[in-house]
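Enquirer: I'd like to ask you about the structure that follows.
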Amino acid sequence: MTTYRLSFVMWRIRVFLQLLTVYFIWASVMPTDSTLFGYSRELMLTYVLGTQLINSIVFSSRTQEIAENINSGDLSIFLLKPLGYFKYWFARDLSDKTMNLAFSVVELVIFFLILSPPLFVQTNMMLLSLFVFSIFLAVLLNFVIGCLMSMIGFWSSEVWAPRFVFYVIISFFTGGLFPLDILPKPLFNFLELLPFTYLQFFPLKVYLGQVGVADIFKGLTISGIWIGILYTGLYVVWNKGLTKFSAAGR
Amino acid sequence: MSPIISVRDLKKYYQIHEKEPGISGTIKSLFNRKYSDAKAVDGISFEIEEGELIGFIGPNGAGKTTTLKVLSGLLHPTSGDVEVLGHKPWIRRNEFLKQFALIMGQKNQLWWDLPAIETFLLNKEVYDVSDLDFDKRLKELSRLLDVDDFLTVQVKKLSLGQRMKMELIAGLIHEPKLLFLDEPTIGLDVVMQKKMRDFIREINELKKTTVILTSHYMQDVKELAKRVIVIDHGKILFDGSLSTIIKKFANTKVITVVLEKPVPKADFSEFGIVKESDPLNLSISVKREKVAQVAEVLLKKYPVEDLNIEEVGIEDIIREVFEAKS
C-alpha cells in the first residue's frame, strides 16, 4: 500500500510543480501595466493556467494501454467478450479524467489561496456553455487520436517512443506552450484547419471570450468533422490491425 | 440434434517472412522479401455434439491452440467451413460471444491489483447476468473450488492454484454452453491438478457444458476425455475414444527386469526392443501375445532378482501414434 500512496503523492507533486513553473515563467515575462502580443497580464496568466487545467481534462488518457494490450496479446481477452472495445477504453478514460480533475481542482484552489494570481473570470453563460461543449469535443478528439496512435502496436512493438514524439510535436500545435495567435497570421490560419488547435487553444479562447460567435461555430464544426474523419480512420486501421494481430498468432 | 461445433476442411496458414542470416541477408530482405506459409492447421474436419468432453492432444506447435483460436473467433481461417453454436466465430456477434468461454492457463483476465470478486462483478455486467443467477453461480462455483475465503483478497496475493481457480470462476460466471480450456493445469502441483480435473468433470456432468481441453499432461486427458483428437503438423492423426487408441497402438507390454549380475544387452534382443537404464536394470517391450512365454524364459535362463509386467503408458502410445504417422 505504501508504494501506491507514495507514487500517487509524487505524481501530484510533479503536476503541481509543473503548474508553478509555467505560472512563474509567464508571470515574470508579462509586463504588469501593458500588453504583450495583444495579451494583458491577466489574460495571459489565465491562458497558461487554463492549459494546465485542460491538460488534466483533455490529455489525461488511458489509451496508451491499448498498445500494451496489443503487444502483450491481452487484447484476445477483450475480443472474447461481448464488449465494445473502444467504449470500454472511453469509459476508463472518463474515470481517469474524473480523478485527475478532482485533484487538479484541489491543487488549483491551494494555488489561488497562496498566490492569489490576477485571473480573468468569464461570466457570460453562453460562452461558458460553449466552452464546456468545446472541451467535450476536445476530449473525444484526443481519445480518437490516442487510440489511433496505439494502433501502431499492431505493426511495431515500439509504441511509446513514436507516441511520445508525436505528443511533443503536437503540444506546439495545440497551444499548450503559448497562445497560437501570436504566430504569423498565415501560419495560424493553416493551424486552424488541423485538428490539434481544438484540443487546447480553441476551448481556452472561447473561455476568454476572444472568438466571435460565428468563429466559435466554425471551430466546433471543424473539430466535429475531424472527429468523424479520424474515427472512420480508426475503424479501418483497427480492422486491418485485427487481421494482422491474428496472423502473428498472439 | 445438430452438432454444437462443426469444422470442415479448416486451414489456417500464417505468412512467415524468411530472412537469410547475416548483414547481406538483412539488406536483401529489405528489397526482396521472401515469404513462406506456415501451415498451422492444414485441413482438419470434425464434429462435436453438445455435452461432450474432448481432449486435444499434440506436441507444441501442432495446431491445437490455433484451432481453439479459430473456434473462439480470434482468428480468421484461411479456408474451410467452421460453425460454432450456429455462428461463424470470427464475426464475433454478441449472441455468440455470450455462450462460450476460452480459458487459457497462461493468460489471465483477472485484475491484478484488485480482489477477484471485482472481476466477477465486471463480467456480470459484461455478460448481462442477473443478480439472482450471479449469486447462485458464485456460491456454487466457489464451493466446488473451495475458494470462499479468498474472494476478497487481491489477485496478486493469491497462489498460482488459487488464481487458476478464480480464472475458472471468472470464465464460468455467465454459464457458457461451451468451454475451451487451453492448458488449464499448467504449472499446478499434482494435488491441484487433480482438483482441477474433478471440477472440470463436474461442470461437464452437472451443467452439460461441452468442454474441449488441450493439455500436455496426458493424465488430464486420460482421466477426463472419452474422446480424443490427436493432432500434429496441423493434421488430425486420430479421432476417437481413448480405449480404441490404446487397443490400436498398444500391441506391446513392457517387461522390466532387475538382474543380480550384468548380462550382455544383446542376449535379450531376440525378445523385443531393449532399453537399458543401467547394466542391472532393463526394460523390454514385448509383443502382447508373447509376454508370458518371454517372462518364463527370462526367469529360467538369467539371474533375475525381480520382474515386472506393465501396460505401456498412454504417453508412449501417443508418441507411437506420432512416430508411426510422421
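Enquirer: When the helices in chain B are scored as -39500 (n - 2.57) per DSSP H run of 4 or longer and the sum is shared across all residues, what 222 nm value do you end up with, to the nearest 500 deg cm²/dmol?
Expert: Numbers: 11 runs with 116 residues, N = 326.
Mean residue ellipticity at 222 nm (helix-derived): -10500 deg cm²/dmol.
Enquirer: Turning to a different aspect of this structure: Projected area of the protein assembly as shown, taken from the Cα convex hull and averaged over every viewing direction, in nm²?
Expert: Mean orientational projected area (the protein assembly as shown, Cα hull): 38.6 nm².
Enquirer: Also: Only bridges with both residues in chain B count here: give the DSSP antiparallel percent, nearest 5.
Expert: 70 percent
Enquirer: Put +1 on the Cβ of every Lys and Arg and -1 on every Asp and Glu Cβ in the protein assembly as shown; which of A:Leu6, A:Ala27, B:Tyr14 then has its Cα farthest towards the positive end of the dipole?
Expert: Positive-end residue among those listed: A:Ala27.
Enquirer: Return the subset of A:Lys87/B:Lys177; B:Lys11/B:Lys136; B:Lys195/B:Lys247; A:Lys87/B:Lys39; B:Lys11/B:Lys34 for which the Cα-Cα distance in this structure is over 31 Å, preserving the input order.
Expert: Going by Cα-Cα distance, B:Lys11/B:Lys136; A:Lys87/B:Lys39 fall outside the 31 Å limit.
Enquirer: May I pose another question? Ranked by Cβ crowding within 10 angstrom, fewest neighbours first, how are A:Ile152, B:Ile231, B:Ile273, A:Ile57 ordered? Walk me through the numbers before you get to the answer.
Expert: Working: A:Ile152 22, B:Ile231 25, B:Ile273 12, A:Ile57 19.
The fewest-first ordering by Cβ neighbours comes to B:Ile273, A:Ile57, A:Ile152, B:Ile231.
Enquirer: When chain A is treated as a GNM, springs tying every alpha-carbon pair under 10 Å, which of A:Gly212, A:Gly176, A:Gly228 comes out with the largest mean-square fluctuation?
Expert: A:Gly212
Enquirer: Could you point to the residue in A:Val106, A:Ser129, B:Val312 farthest towards the positive end of the protein assembly as shown's charge dipole, with +1 and -1 charges on the Cβ of Lys/Arg and Asp/Glu respectively?
Expert: Selected residue: A:Ser129.
Enquirer: Right, something else. Return the lysines within reach of B:Lys275: Cα separation strictly under 16 angstrom, same-chain partners fewer than 8 residues apart disregarded; answer none if there are no such residues.
Expert: Here the lysines satisfying the reach criterion relative to B:Lys275 are B:Lys253, B:Lys265, B:Lys287.
Enquirer: Along the charge dipole of chain B, which of B:Ala324, B:Ile91, B:Leu138 sits closest to the positive end, that is, farthest toward it, with unit charges on the beta carbon of Lys, Arg, Asp and Glu (+1, +1, -1, -1)?
Expert: B:Ile91
Enquirer: Here's another thing I want to ask about it. In whole Hz, what ³J(HN,Hα) sequence does region B:72-89 give by Karplus (6.51, -1.76, 1.60; θ = phi - 60°), x for Gly and Pro?
Expert: 9, x, 7, 10, 7, x, 6, 7, x, 9, 9, 9, 10, 6, x, 10, 7, x
Enquirer: Just the number, please: percent antiparallel of the DSSP beta bridges in the protein assembly as shown, rounded to the nearest 5.
Expert: Looking only at bridges with both residues in the protein assembly as shown, the antiparallel portion is about 70 percent.
Enquirer: Along region B:299-310, what does the Karplus equation 6.51 cos²θ - 1.76 cosθ + 1.60 (θ = phi - 60°) give for ³J(HN,Hα), rounded to whole Hz, x for Gly and Pro?
Expert: Each residue of region B:299-310 in turn: 5, 6, 8, 10, x, 8, 8, 8, 9, 9, 10, 10 Hz.
Enquirer: Please list 3J(HN,Hα) in residue order for region A:80-91, calculated via the Karplus relation 6.51 cos²θ - 1.76 cosθ + 1.60 where θ = phi - 60°; whole Hz, with x for glycine and proline.
Expert: 6, 9, x, 8, x, 5, 6, 4, 4, 5, 5, 4
No value in this document is a laboratory result; all are computed from the given coordinates. Since the model is a prediction, treat every value here as computed from it, not as a measurement. No Cβ is skipped: glycine too gets one built from the backbone with ideal geometry, and neighbour counts run over all protein chains shown.
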